[in-house]
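The block underneath contains the structure these notes are about, expressed in structure tokens.
The values are calculated or read from the model by the stated rules, or taken from the named source; none is laboratory data. None of these values were measured; they are calculated from a predicted model. Positions of Cβ are generated from backbone atoms using ideal geometry, with glycine treated the same way; all protein chains shown enter the neighbour counts.
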Amino acid sequence: MESVSLTIEDVKWAVSTARSSIEKWSTREGYYNNRTASHLNGKLGELAVEKYLLDAGCKIDSHFRFPERENLSDIVVKVKKYTQVCRLEVKTWSANYWPELGRCIAVDQYPVLKKKADRILWCVIDSTSAEELLKTPTALQVSLAGWSSIGDVSEAPIQNTGIGEMRKVNNYQLSQSALHPIEELLKDLIHI
């Protein structure tokens, strides 16, 4: 796993953006529970992937930074001198939930995801709880656990996931061993 450092300024931006996002989505039905912590984890993962790609010299459009672009993929990587693109969706879990709930895409979400993304990048946030970060933003590490093609997702087994009293969600769930190493993403982008 590749690890990306986020500064306290990054985390403060993510907290602010997550709060705005939950205001918008709190009254709407979603595939999963709409909680500020989930929105925060998502923003932290998106920031980490953005940093990783920029540090690697990729040319990108970070749609996640613009609320009016939420129907687009999170990040678009421009390849082959801007003649082609690779649309990336970022999915992020807390390390506490990664073993049992990570690498999931809701079956009902898949058709929408298939229309807007080519690859999914899977991120894991260390044990720092989102609730703590919402109160007191601090610098942290985000692990880039790997990536999957949209086709990989459709080939994953479907199961109801959820722990304890959680609402069960019908998900495609990839095994950890099915993820492509994050280091191979840049090589993959060259061959698009």
Checklist entry - Given the structure, is Lys168 at pLDDT 85 or above and within 20 Å of Ala95 (Cα to Cα)? => result yes
Next on the checklist: Going by what's in this entry, would Lys78 be described as outside any strand (DSSP E or B) and among the charged types (D, E, K, R)?
Outcome noted: no
Checklist outcome for this item: Per the filter on segment 84-106, residues touching a residue at least 60 places away in the same chain (Cβ under 8 Å), in a strand (DSSP E or B) and closer than 25 Å to Asn160 by Cβ are Cys104, Ile105, Ala106
Checklist entry - When you scan segment 131-192 for strands (runs of 3 or more DSSP E) that lie fully inside it, which ones turn up with 2 or more residues that are in contact with a His (Cβ under 8 Å, 6 or more places away or on another chain)? => result 140-149
Checklist entry - Restricting the search to segment 130-157, which residues are surrounded by fewer than 20 Cβ atoms within 10 Å (Cβ to Cβ), more than 19 Å from the chain's Cα centre (by Cα), within 24 Å of Ala18 (Cβ to Cβ) and not charged (D, E, K, R)? => result Thr136, Thr138
Next on the checklist: Considering only residues that are touching a residue at least 60 places away in the same chain (Cβ under 8 Å) and of a type outside the set (Phe, Trp, Tyr), which ones fall in segment 48-78?
Outcome noted: Ala48, Val49, Ala56, Cys58, Val77
Checklist entry - In this structure, is Lys81 without any contact (Cβ under 8 Å) to a residue 60 or more places away in the chain, closer than 28 Å to Gln173 by Cβ and of a type outside the set (A, V, I, L, M, F, W, C)? => result no
Next on the checklist: Please pick out the residue among Val124, Val90, Val112, Val77 that is in contact with a strand residue (DSSP E or B) (Cβ under 8 Å, 6 or more places away or on another chain) and over 16 Å from Lys43 (Cβ atoms).
Outcome noted: Val77
Next on the checklist: I want to confirm something. Restricting to segment 82-128 and keeping residues that are surrounded by fewer than 21 Cβ atoms within 10 Å (Cβ to Cβ) and of a type in the set (Phe, Trp, Tyr), which single residue is nearest to the chain's Cα centre (by Cα)?
Outcome noted: Trp98
Next on the checklist: Within segment 158-172, does at least one residue satisfy the condition of being touching a Lys or Arg at 6+ places or on another chain (Cβ under 8 Å) and exposed (fewer than 12 other Cβ atoms within 10 Å of the Cβ)?
Outcome noted: yes
Item to check | When residues of segment 121-165 are limited to those that are polar (S, T, N, Q) and free of Cβ contacts under 8 Å to residues at least 60 places away in the same chain, the one nearest to Ala95 (Cα to Cα) | outcome: Ser127
Next on the checklist: I need the full set of residues from segment 62-81 which are surrounded by fewer than 17 Cβ atoms within 10 Å (Cβ to Cβ), under 19 Å from Thr17 (Cβ atoms) and among the charged types (D, E, K, R), in order please.
Outcome noted: Arg65, Glu68, Arg69, Glu70
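Quick grid of which residues meet (1) small (Gly, Ala, Ser); (2) in contact with a Leu (Cβ under 7 Å, 6 or more places away or on another chain); (3) over 21 Å from Glu155 (Cβ atoms); (4) part of a helix (DSSP H, G or I):
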residue	(1), (2), (3), (4)
His39	no, no, yes, yes
Gly42	yes, no, yes, yes
Tyr52	no, yes, yes, yes
Asp108	no, no, no, no
Ile120	no, no, no, no
